[in-house]
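Participant: I'd like to ask you about the structure that follows.
The values are calculated or read from the model by the stated rules, or taken from the named source; none is laboratory data. For clarity, every value in this text was computed on a predicted model and none was experimentally measured. Don't worry about glycine lacking a Cβ; one is built from the backbone with ideal geometry, like all the others, and counts go over all protein chains shown. Note: accessible area is taken over every heavy atom of the protein model, side chains too, but ligands, DNA and RNA are not part of it. Shrake-Rupley method; radii C 1.70, N 1.55, O 1.52, S 1.80 Å.
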Amino acid sequence: MPLAGDKLFLRASGNYSKRDGFVRNEFNGEDLQNLEAIEGNFRLKYFASDRLTFSLLYSVQYRESDAFAQVLASPENGITFQDILRENPYSVSYNEDIVKRAKTSNVALNTTVDFGQVSLTSVTALQTTDRFRRDDFDFSPDPVQVFNTDIDLFNFTQEFRLASTRTAALSRTTAVFLFSTEETDDGTQAAPQATTLEKNETTRSGLDVFGQLSYALNSKLKVTAGLRLDYENVEGEVDRSTGDIDQQESFREEADSTAISPKLALSSQLKPDIFLFANVARGYRSGGVNTIVSNAEDALFDPEITWNYEAGIKTTLLKNRLKLNLTGFWINYTDQQILNILDISQFLAGTENIGKSRSFGLEPETQALITQGLSVNLNAGYLHTEILDYTVSRVDLATFQEVEIDESGNELPVSPEFNGNVNLNYILPITPKLNLEASLDYTYQSEIFWDPSNINTQDAYGLLNARLGVTSKNIDVFFWSKNLIDEEYFVYGFGTNGFNAATYGLPRTYGVILTGKF
């Protein structure tokens, strides 16, 4: 809404949501995985002149839940996650009350100056997060281990971006991005043998400089070239004491990483209804420090490097009634980062590197208008992944000796070979001002592994969603249901060295949406 003529405007929105738990804690009879959240978003936009614009944004969010209601499986002893789904789904047994509370605030100032042929944009942002969580880390009714932690996160970013604003044969974008992040974790780990107090501090700071040029060689062919320089420094410090003050362990690790990432792309509007594209790019994810590990040897992990190749075609047929797209891709990974259990004795998870891996696949897409008011969207995917070089040390639970395990030849975690989605949407005019709308949406994924050892699995499953309602000029009313057939599945899992845990996905949910337009 306008606050001062055509110069100053305000946008505000808020959201409140509440959901009961759907996982039963058999130990105390309570329900877990409930959720309550409230948030507000505010934006002031000021048009100082035709060339100068300011935007001030502020948002705040509070969330509370009984989080991570995970179950344990033992595939080595014949008890898999799929057995748990068949025999006793949505059930755990914890002797501790688990909880997660988080408050996040964001403020950002966006300034844009239009110089005619180019524009200069500055984005200054600050985010703070206060989070508390209590976890039953043994995921059992036994008093083995409970962990309480307070997390304070401070994140500051500054970006300056110079970009072309007019359509021309040559367009360009140049930007500088700076960031600084500080995270402090104060934790208490209680176990029957002793209580551990720890304080972990992580600081990250870095600079990114990137630029991109696009040039139209002719009316049909365009080439784009880009280059990005990344520098990041990360410091991690751990101060931990167990039992009495004499049993202390502390370490401080630091890592610097630098990367140059080029990109080259070609695109062609071969015909008005045929578009071709191909690109190659180097990807980069910085290394870091694991601060929850018990020794400095497991603390550092390396940067992840990828080479990404992609090519595809987009077509529009039958007077825009049918769209057919096909994309193929190939990705080579070096030192791919994955989340894994690093210390089974204390259930400590962290990031480690896979030496080499690769993935490739195809993604066809179809959009079609079947009849007046009836449309269908179909997306599919084929994905092949393979670990090429990954040897890890694990503890043999029978002998308690370290053994070397070669994971080469296994699939990457959370990588379904086949996935797809089909959506049917129908709009039927009832009166000149009232429409009936109905939609069905089905999503499918094939079997996945939760771990690089390919022991812990989630079988193939599909989710059916539906929506039915009426729309008008001022009011819309929709009834909806997600996971309509009440499919039982796990949405997240991990495992290594005989310890395997997974989190249930949402069962059937349903509700109503009422929208007013003024």
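Participant: Check Leu506 against each of (1) buried (at least 16 other Cβ atoms within 10 Å of the Cβ); (2) outside any strand (DSSP E or B) and name the one condition it does not meet.
Facilitator: Among (1) buried (at least 16 other Cβ atoms within 10 Å of the Cβ); (2) outside any strand (DSSP E or B), Leu506 violates only (1).
Participant: Could you please find all residues in the range 296-344 being open to solvent by 50 Å² or more (accessible area, probe 1.4 Å) and acidic (Asp, Glu)?
Facilitator: The answer is Glu297, Asp298, Asp302, Glu310.
Participant: Restricting attention to the range 1-39, and to residues there that are under 27 Å from the mean Cα position of the chain (by Cα) and aliphatic (A, V, I, L, M), which single residue is farthest from Pro89 (Cα to Cα)?
Facilitator: Top of the filtered list is Ala12.
Participant: Just one of Asp239, Asp256 is among the acidic types (Asp, Glu) and either buried (at least 16 other Cβ atoms within 10 Å of the Cβ) or more than 30 Å from Thr306 (Cα to Cα) (or both); which is it?
Facilitator: Result of the check over Asp239, Asp256: Asp239.
Participant: Tell me, please, whether a residue that is touching a Ser or Thr at 6+ places or on another chain (Cβ under 9 Å), under 29 Å from Asp152 (Cβ atoms) and surrounded by 15 or more Cβ atoms within 10 Å (Cβ to Cβ) can be found in the range 215-230.
Facilitator: Checked against the condition, which is being touching a Ser or Thr at 6+ places or on another chain (Cβ under 9 Å), under 29 Å from Asp152 (Cβ atoms) and surrounded by 15 or more Cβ atoms within 10 Å (Cβ to Cβ), the range 215-230 yields at least one hit.
Participant: Quick test of your reading of the structure: Gly350 fulfils all but one of (1) out of contact with any Ser or Thr (no Cβ under 8 Å at 6 or more places or on another chain); (2) touching a residue at least 40 places away in the same chain (Cβ under 8 Å); (3) open to solvent by 40 Å² or more (accessible area, probe 1.4 Å). Name the failing condition by number.
Facilitator: (3)
Participant: In addition: Among the listed residues Glu310, Glu249, identify the single one that is on the phi < 0 side of the Ramachandran plot and at pLDDT below 95.
Facilitator: Step by step, each of Glu310, Glu249 is checked, and only Glu249 is on the phi < 0 side of the Ramachandran plot and at pLDDT below 95.
Participant: While we're here: Within the range 378-404, take every residue that is over 26 Å from the mean Cα position of the chain (by Cα) and open to solvent by 60 Å² or more (accessible area, probe 1.4 Å) and give me the one that is modelled with the highest pLDDT.
Facilitator: Among residues in the range 378-404 that are over 26 Å from the mean Cα position of the chain (by Cα) and open to solvent by 60 Å² or more (accessible area, probe 1.4 Å), the one modelled with the highest pLDDT is Thr391.
Participant: Still on this structure, please answer the following. Within the range 142-165, identify whether any single residue is within 25 Å of Ser294 (Cα to Cα), polar (S, T, N, Q), touching a residue at least 40 places away in the same chain (Cβ under 8 Å) and open to solvent by 30 Å² or more (accessible area, probe 1.4 Å), and answer yes or no.
Facilitator: Yes, the conditions are met somewhere in the range 142-165.
Participant: Does Asn425 meet the test of being within 23 Å of Glu487 (Cβ to Cβ), polar (S, T, N, Q) and surrounded by fewer than 16 Cβ atoms within 10 Å (Cβ to Cβ)?
Facilitator: It is true that Asn425 is within 23 Å of Glu487 (Cβ to Cβ), polar (S, T, N, Q) and surrounded by fewer than 16 Cβ atoms within 10 Å (Cβ to Cβ).
Participant: Please pick out the residue among Leu57, Leu120, Leu126 that is assigned to a strand (DSSP E or B) and under 30 Å from Leu170 (Cβ atoms).
Facilitator: Leu120
Participant: Right, next: How about the range 269-312: which of its residues are without any contact (Cβ under 8 Å) to a residue 60 or more places away in the chain, hydroxyl-bearing (Ser, Thr, Tyr) and not in a strand (DSSP E or B)?
Facilitator: If the condition is that a residue be without any contact (Cβ under 8 Å) to a residue 60 or more places away in the chain, hydroxyl-bearing (Ser, Thr, Tyr) and not in a strand (DSSP E or B), then Ser294 is the only one that fits.
Participant: Let me ask something else. Does Ser13 satisfy being more than 15 Å from Lys100 (Cα to Cα), small (Gly, Ala, Ser), surrounded by 14 or more Cβ atoms within 10 Å (Cβ to Cβ) and touching a strand residue (DSSP E or B) at 6+ places or on another chain (Cβ under 6 Å)?
Facilitator: no
Participant: Within the range 461-501, track down each residue that is among the small types (Gly, Ala, Ser), in contact (Cβ under 8 Å) with a residue 40 or more places away in the chain and either open to solvent by 30 Å² or more (accessible area, probe 1.4 Å) or closer than 22 Å to Phe137 by Cβ (or both).
Facilitator: Of everything in the range 461-501, those that are among the small types (Gly, Ala, Ser), in contact (Cβ under 8 Å) with a residue 40 or more places away in the chain and either open to solvent by 30 Å² or more (accessible area, probe 1.4 Å) or closer than 22 Å to Phe137 by Cβ (or both) turn out to be Gly493, Gly495, Gly498, Ala501.
Participant: Another question, if that's okay. Being over 30 Å from Arg131 (Cα atoms) and basic (Lys, Arg): is that true of Lys103 here?
Facilitator: It is false that Lys103 is over 30 Å from Arg131 (Cα atoms) and basic (Lys, Arg).
Participant: Oh, and also: What tally of residues in the range 173-232 results from selecting those that are within 22 Å of Gln145 (Cα to Cα) and of a type in the set (D, E, K, R)?
Facilitator: 4
Participant: Still on this structure, please answer the following. Can you tell me which residue among Phe68, Phe42 is at positive phi, under 26 Å from the mean Cα position of the chain (by Cα) and open to solvent by 50 Å² or more (accessible area, probe 1.4 Å)?
Facilitator: Phe68
Participant: Moving on to the next point. So which residues in the range 71-100 are touching a residue at least 12 places away in the same chain (Cβ under 8 Å), part of a loop (DSSP other than H, G, I, E, B) and not small (Gly, Ala, Ser), if there are any at all?
Facilitator: Thr80, Pro89, Tyr90, Tyr94, Asn95, Glu96, Asp97, Ile98
Participant: Now for a separate question. Restricting to the range 7-41, count the residues that are of a type in the set (S, T, N, Q) and farther than 24 Å from Leu56 by Cα.
Facilitator: 5
Participant: Could you check how many residues of the range 168-193 are over 28 Å from Thr124 (Cα atoms) and either open to solvent by less than 30 Å² (accessible area, probe 1.4 Å) or out of contact with any Gly (no Cβ under 9 Å at 6 or more places or on another chain) (or both)?
Facilitator: Residues in the range 168-193 being over 28 Å from Thr124 (Cα atoms) and either open to solvent by less than 30 Å² (accessible area, probe 1.4 Å) or out of contact with any Gly (no Cβ under 9 Å at 6 or more places or on another chain) (or both): 10 in total.
Participant: I've got another one for you. Within the range 186-201, is there a residue that is among the polar types (S, T, N, Q), part of a strand (DSSP E or B) and under 19 Å from Thr157 (Cα atoms)?
Facilitator: Looking for residues that are among the polar types (S, T, N, Q), part of a strand (DSSP E or B) and under 19 Å from Thr157 (Cα atoms), one finds none in the range 186-201, hence no.
Participant: On to the next question. Scan (1) open to solvent by less than 50 Å² (accessible area, probe 1.4 Å); (2) under 26 Å from Glu352 (Cα atoms) for the single condition Glu411 breaks and write down its number.
Facilitator: (1)
Participant: From the list Gly355, Gly328, Gly350, pick out the single residue that is part of a strand (DSSP E or B) and under 30 Å from Val223 (Cα atoms).
Facilitator: Step by step, each of Gly355, Gly328, Gly350 is checked, and only Gly328 is part of a strand (DSSP E or B) and under 30 Å from Val223 (Cα atoms).
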